[in-house]
Amino acid sequence: MDAPARRASFLCPVADLPPNENPPAFALPEGLDEAIRDFGNALTLERGRSDRTLEAYEGDLRQCAAHLARRGVKNWKTADAAGVTEWLYSLSGDDYTVASLARKLSALRMFARHLVRERVRPDDFTELMQGPKLVRRVPGTLSSQEIDALLAAPAGGDAHALRDRAILELFYSSGLRVSELAGLTLQQVDLEAGFLRVFGKGAKERVVPVGGKAAVALAAYLASARPHFVKPKTGSQLFLSERGTAISRQMLWVLVKKYAKQAGITKPVKPHLLRHSFATHLLGGGADLRAIQEMLGHANIATTQIYTAVEEKRLLDQHARFHPRNQEPGPRG
């Protein structure tokens, strides 16, 4: 995405984020750091926020604080809208997704309200901040042919191939978020009934079907590959790393990119693209939008409706390409 596109939108659902998104830690002045720690403690007491969300918010605030500290700000009493706006726009030259920028702005607004409640400062320094023009992007997807090539990429019958094939099949079959797949346990899987019990955002539980091919791949992994990764201290995590611990989000990103490259897919591929493809292909096959919403774990149907734009675009492209009245007239003899 180019810089103007990144600046153009803060209205996009927060997706699973790439590993190591924030820069290395910066030694913050105590006046900046203490307030962030207090804010983190306050959020911990609230229900419905995952550890991942709390970690992301604190990381965003520390990144902003580091920017301010380099410009001489020593505490949040002297921070102003101009300084934090400068920080947000400075990110346009980096490889941040629209979702990342949306979360950073949200974290700042929540933090500013916290500072007012705690009487650290009398005003909300984000109140008059104006973000760029809001737009909503149509999510990218993989074609059916690209999906087939990707799922076939982990070739062979060794433990790693069986594990990775099961991971990719499950991503596409069930439309899971990367954090949801990384956190799966054996107790959440019922292959006989053909579904998973998933704990999504806000610790909300939902039931997600497992397709036939994904179930076969998962059964092969459980029978022949998972025992290879088990160590004395291994728990009930479903997908394991070489250390016998739950496979990390970072490793899932690495695996998806690795096999996309092997499959010859030229577009950027990340775990969330499989989730988008899952929803788009279901809708294109005639699935009900409400059912897709339930499977994805979207709280609002409006979030799911963006996939209708993908299907509409596909139909327009097909019509433009194949309908005889859309073809340019040939030269007359």
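No lab work stands behind these numbers, since they all come straight from the coordinates. Every value quoted in this text rests on a predicted model; they were computed, and no experiment measured them. Using ideal geometry, Cβ is built from the backbone for each residue, glycine included, and neighbour counts are taken over all protein chains shown.
Among the trypsin sites (Lys or Arg not before Pro) found in region 181-272, those both in a DSSP coil and sparsely packed, with 10 or fewer other Cβ atoms within 10 Å of their Cβ, are Lys233. Of the GluC sites (Glu not before Pro) in region 139-244, which ones lie in a loop per DSSP and count no more than 13 other C-beta atoms within 10 Å? Answer by residue number: Glu192, Glu242.
In the structure shown, the pairs Lys104/Lys201; Lys233/Lys270; Lys74/Lys104; Lys231/Lys270; Lys74/Lys201; Lys77/Lys104 are assessed against 27 Å; a Cα-Cα span above that value is assigned to Lys233/Lys270; Lys231/Lys270; Lys74/Lys201.
Extension gain for Glu30 to Val207 (0.36 nm times residue separation, less C-alpha to C-alpha distance): 59.2 nm. Label-to-label distance for Ala42 and Asp288 is 4.3 nm, based on points extended 7 Å past Cα in the beta-carbon direction. 3J(HN,Hα) along region 185-195: 10, 4, 5, 8, 9, 10, 5, 5, 7, x, 8 Hz, from the Karplus curve 6.51 cos²θ - 1.76 cosθ + 1.60 with θ = phi - 60°, whole Hz, x for Gly and Pro.
Taking a point 7 angstrom from the Cα of Asp148 along the C-beta vector, which residues in region 235-257 have backbone N less than 20 Å away? Counting only backbone N, you get no residues.
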